[in-house]
Amino acid sequence: ALTLPDFFSQRFNKHDGAIKIVSAVVIIIFFTLYTSAGLVGGGKLFESAFGVDYQIGVMVTMLVVVAYTLLGGFLAVSLTDFVQGVIMFVALVMVPIVAFNHFDSSDAMLAFSMEKIPSISESYAELTILAICSSLAWGLGYFGQPHIIVRFMAIDSVKNIKVARRIGMSWMTVTIIGALATGLTGVAYVNKFNVTLGDPETIFIFFSNVLFHPLVSGFLLAAILAAVMSTISSQLLVSSSSLTEDIYRTYSKKKLSQQRLVNVGRICVFVVALISAMIAMNPASSILNIVSNAWAGFGAAFGPLILFSLIWERVTYKGAIAGIISGAVTVLLWIYLPIFADGSTLSSVVYEILPGFIISSITIWIVSMWDTSPSKKITDTFKEVNHQLIQRSS
């Protein structure tokens, strides 16, 4: 399977079924939104670091990423992601350590940061149960992110999954701690030196410019661009693959050559990138808000189904489609439907991935139990694959 929709179609033995179309549509909708978040990051980088107009920064970022994604495809994206990942890894360790050296001790740093943010005990006193659940629910999103899952789908053997897991978890642990440390030292630094920072999302850029030699600053600014580019390229590639493999190839009546599919894929990359750039043109856009919406969409639409597909042989084709649609629709309604008198949405009460994930999971279970059992061919394949996985990984 080259794509997530392709995996679903093979899992349920429906190679020309509606699940490919439904999955591909969800991927295109949320990845277009997700990609725009990366372009917003590129626009803010060029505006803050170089004084370039925000819209020009967005277009430059888009054109650079589109260029190497068009020319190199999956291999180029994978190789550049590795280099970009190393740069990001070093940067997220270096910046908070250097920033911390401007304080006498950790207690002094925390004292300055507490001027603007509450302590953990104060936070828990003010937070509701729904707010705590909303924060924890971010973790559910990982199960349904196509651009993350496709990396593991590309592993050449089952034995290498262990290595990939260790590398992936080590990377995530260090970079998440580094990002948190950057934010915490950033709040403290701004308070200590009375810095006026117009956009809190540019704190990394600010640190890169004021704490380091210009040569090092260039490296750190490249790390920001690397983070933006690696994410966008992955998203464009998955979107293009879904459009090409899951829609165009599936429903084309002609026999298509690989060269034609590659050319169609390149056109799709450019179109998705262009639409994303148009969405990103507003300088007031928040990266976090856009990412949280797209993250929730994928997590709720695909996360439950992926888990059910891997651990429960009773899940059915109808249950799968119902789960994808119910998860995606719940998230969209939660984000955009004004419920309250002031025009705010349910997203202001609880993060949309939580209800989306729960509703999708319940829908998959109910529809699958109500539906007729999967065919013997599907259940036999499920058991055989699980048996082979256990043997090869032991």
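Just a few scattered comments:
- Subset of segment 198-215 (residues that are without any contact (Cβ under 8 Å) to a residue 24 or more places away in the chain and surrounded by 15 or more Cβ atoms within 10 Å (Cβ to Cβ)): 203
- The helices (runs of 4 or more DSSP H) found entirely in segment 48-137 that carry 1 or more residues being exposed (fewer than 14 other Cβ atoms within 10 Å of the Cβ) and of a type in the set (S, T, N, Q) are 106-113, 120-126, 129-136.
- Here segment 244-263 is the region considered, the condition is being basic (Lys, Arg) and in contact with a helix residue (DSSP H, G or I) (Cβ under 9 Å, 6 or more places away or on another chain), and the residue that is farthest from residue 10 (Cα to Cα) is 254.
- Some residue of segment 181-190 being over 16 Å from the mean Cα position of the chain (by Cα) and free of Cβ contacts under 8 Å to residues at least 12 places away in the same chain: no
- Single condition residue 173 does not satisfy, out of (1) part of a helix (DSSP H, G or I); (2) in contact with a helix residue (DSSP H, G or I) (Cβ under 9 Å, 6 or more places away or on another chain); (3) more than 15 Å from residue 48 (Cα to Cα); (4) open to solvent by 30 Å² or more (accessible area, probe 1.4 Å): (2)
- Of the residues making up segment 344-394, those that are outside any helix (DSSP H, G or I), open to solvent by 50 Å² or more (accessible area, probe 1.4 Å) and more than 28 Å from residue 289 (Cβ to Cβ) are 372, 373, 375, 394.
- Within segment 244-264, being at pLDDT 80 or above and crowded, with 23+ Cβ neighbours inside 10 Å holds for one residue alone: 244.
- Any hit, segment 372-388, residues being farther than 25 Å from residue 12 by Cα and modelled with pLDDT under 95: no
- Sole residue being within 14 Å of residue 33 (Cβ to Cβ) and buried (at least 24 other Cβ atoms within 10 Å of the Cβ), chosen from 328, 320, 294: 328
For (1) at pLDDT 90 or above; (2) under 21 Å from residue 41 (Cα atoms), each residue gets a yes or a no:
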| position | (1), (2) |
| --- | --- |
| 100 | yes, no |
| 112 | yes, no |
| 136 | yes, no |
| 143 | yes, no |
| 151 | no, no |
| 158 | no, no |
| 170 | yes, no |
| 193 | yes, no |
| 196 | no, yes |
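- Verdict on residue 37 being within 14 Å of residue 278 (Cα to Cα), buried (at least 24 other Cβ atoms within 10 Å of the Cβ) and within 21 Å of the chain's Cα centre (by Cα): yes
- Screening 275, 267 for residues that are open to solvent by 20 Å² or more (accessible area, probe 1.4 Å), over 19 Å from residue 73 (Cα atoms) and at pLDDT 85 or above leaves exactly one candidate, 275.
- Within segment 16-30, the set of residues being touching a residue at least 60 places away in the same chain (Cβ under 8 Å) and of a type outside the set (Gly, Ala, Ser) comprises 16, 19, 20, 21, 22, 26, 27, 28, 29, 30.
The values are calculated or read from the model by the stated rules, or taken from the named source; none is laboratory data. Model, not experiment: these values are computed from the prediction. Cβ: placed from backbone, ideal geometry, glycine included. Neighbour counts: every protein chain shown. Accessible surface areas use protein heavy atoms only, side chains included; no ligands, DNA or RNA. Shrake-Rupley method; radii C 1.70, N 1.55, O 1.52, S 1.80 Å.
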